[in-house]
Amino acid sequence: MDQLNLIKILPKAELHLHIEGSFEPELMFEIAQRNKVSTRFKSVEEVREAYNFHNLQSFLDIYYEGANVLLYEQDFYDLTKAYLKKCHEDHVVHTEIFFDPQTHTTRGVSFETVFKGIHLALTDAKNEWGISSHLIMCFLRHLSEEDAFATLKESLPFKKHIIAVGLDSSELGHPPSKFERVFKAARAEGFLTVAHAGEEGPVPYILEALDLLKVSRIDHGVRSLENDQLIERLVKEKMPLTVCPLSNIKLCVFKNLTDHNLKKMLQRGVKVTINSDDPAYFGGYMNENFIQTAKALNLSSEEIKQLAINSFEASFLDPETKQSWIKKIQGL
Ligand code: ADE
Ligand code: ZN
């Protein structure tokens, strides 16, 4: 089987996807119109032309602006259902979705509205397409510790449906240590933890995520390769990295996909996974990330399968379900 077909039929788990980052301009326009919200863009083409980023912050500014049109439960349902349809098409059989409650609650949209719309779409996708999922609630790291505590409190009525807390938004200047206490409180409530670290931020941020936030996975973590000791630790602790290749190119973390360090980390034995991050903004969902990365880095079929196996091993699925997907992949 050629690699393109292998990627297409391979069962995959996605572990790093911001639901607000799957907001395609067409849907954004549709929802803006029905909610009678005006945007500074006059057409879908104009929106896409604005997607020229030079770093994380230049992307985040537009990403938060796009999310402004989301007001009602139906909007969050439509957003989530559209992403899950892409999962179905790409043979993503399990997904662990980030959502940013503060992006919405600071605009007066309630936590309940956001949660209910997303949750109903997840339930429908399970019934229609058999896609399993978990939800991860992220704290925006450019906001205060106090705001994060308030968000944690708001989430508690829904906690049985939220598996973990995460940390996203502007990394530089907002180290994981800023959120040590709120992550401790979240763990005491039974949440698992993950955090973006080492996307733009330095190695000490990755160490803080591990040591202070007690994460189960590092989101991005591509700067780990700057430190041999850290790489050895990640291998020894089987600590997964949720790498997002097309995102890294769009946000200028690497100049070209051929420069990406994913293959080097995979060959060092790090449990790396491939993910799409904010696919509506970065030019591709899961299969596109796999296809372009496999081509640019000349990945073998075995390496492609290993990436898919890693995605299940690194997921929050139960051990039996993980094993059954891994067996399917090994049999291909
Ligand atoms: N929020 C959405 N995408 C993000 C990314 N790649 N890094 C940090 N915060 C984000
Ligand atoms: Zn991300």
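Being under 20 Å from PHE99 (Cα atoms), within 16 Å of ligand 2 (Cβ to nearest atom) and either of a type in the set (A, V, I, L, M) or touching a residue at least 12 places away in the same chain (Cβ under 8 Å) (or both) is a condition met by at least one residue of the range 257-273.
Taken over the range 34-43, the criterion of being at pLDDT 95 or above and surrounded by 12 or more Cβ atoms within 10 Å (Cβ to Cβ) is satisfied by ARG34, ASN35, VAL37.
Out of the residues in the range 240-266 that are among the hydrophobic types (A, V, I, L, M, F, W, C) and open to solvent by less than 10 Å² (accessible area, probe 1.4 Å), which is farthest from ligand 1 (Cβ to nearest atom)? Ranking the candidates gives MET265 first.
Selection of first residues in the range 139-168 that are over 17 Å from ARG107 (Cβ atoms) and among the aromatic types (Phe, Trp, Tyr) and of second residues that are open to solvent by less than 40 Å² (accessible area, probe 1.4 Å) and assigned to a helix (DSSP H, G or I), restricted to Cβ pairs under 9 Å at least 6 apart or on distinct chains, gives the following pairs, ordered by first then second residue: PHE149/VAL182; PHE149/ALA185; PHE158/PHE111; PHE158/PHE115. From the residues in the range 205-234 that are basic (Lys, Arg) and away from ligand 2 (no atom under 16 Å from the Cβ), which one is nearest to LEU56 (Cα to Cα)? The qualifying residue nearest to LEU56 (Cα to Cα) is LYS214. In the range 267-283, how many are surrounded by 20 or more Cβ atoms within 10 Å (Cβ to Cβ) and more than 12 Å from the chain's Cα centre (by Cα)? Residues meeting the conditions: 6. Screening MET137 on (1) out of contact with any Gly (no Cβ under 9 Å at 6 or more places or on another chain); (2) open to solvent by less than 10 Å² (accessible area, probe 1.4 Å); (3) not aromatic (Phe, Trp, Tyr) shows it passes everything except condition (1). Scanning the range 199-220 for residues that are closer than 24 Å to LEU135 by Cβ and within 12 Å of ligand 1 (Cβ to nearest atom) yields a total of 3. Among the residues of the range 235-250, those identified as within 10 Å of ligand 2 (Cβ to nearest atom) and closer than 21 Å to TYR51 by Cα are CYS244, SER247. Those helices (runs of 4 or more DSSP H) of the range 262-330 in which at least 1 residues are over 26 Å from GLU226 (Cβ atoms) and in contact with a Leu (Cβ under 6 Å, 6 or more places away or on another chain), considering only elements entirely within it, cover 301-313.
Scanning the range 297-321 for residues that are open to solvent by 40 Å² or more (accessible area, probe 1.4 Å) and of a type outside the set (S, T, N, Q) gives GLU302, GLU313, ASP318, PRO319, GLU320.
The set of residues in the range 271-323 being among the β-branched types (Val, Ile, Thr) and over 23 Å from SER22 (Cα atoms) consists of ILE304, ILE309, THR321. When GLU154, GLU180, GLU128 are screened for being at pLDDT 95 or above and either surrounded by 19 or more Cβ atoms within 10 Å (Cβ to Cβ) or touching a Phe, Trp or Tyr at 6+ places or on another chain (Cβ under 7 Å) (or both), only GLU154 passes. Residues in the range 198-213 that are aliphatic (A, V, I, L, M) and open to solvent by less than 10 Å² (accessible area, probe 1.4 Å): ILE206, ALA209, LEU213.
Among the residues of the range 44-81, those that are aromatic (Phe, Trp, Tyr) and buried (at least 19 other Cβ atoms within 10 Å of the Cβ) comprise PHE53, PHE59, TYR63, PHE76. Taken over the range 207-219, residues that are charged (D, E, K, R) and outside any strand (DSSP E or B) amount to 3.
Count of the range 220-253 residues, restricted to those that are in a loop (DSSP other than H, G, I, E, B) and more than 20 Å from LEU167 (Cα to Cα), is 4.
The values are calculated or read from the model by the stated rules, or taken from the named source; none is laboratory data. For clarity, every value in this text was computed on a predicted model and none was experimentally measured. So basically every Cβ, Gly included, is an ideal-geometry build from the backbone, and we count neighbours across all protein chains shown. Note: accessible area is taken over every heavy atom of the protein model, side chains too, but ligands, DNA and RNA are not part of it. Shrake-Rupley method; radii C 1.70, N 1.55, O 1.52, S 1.80 Å.
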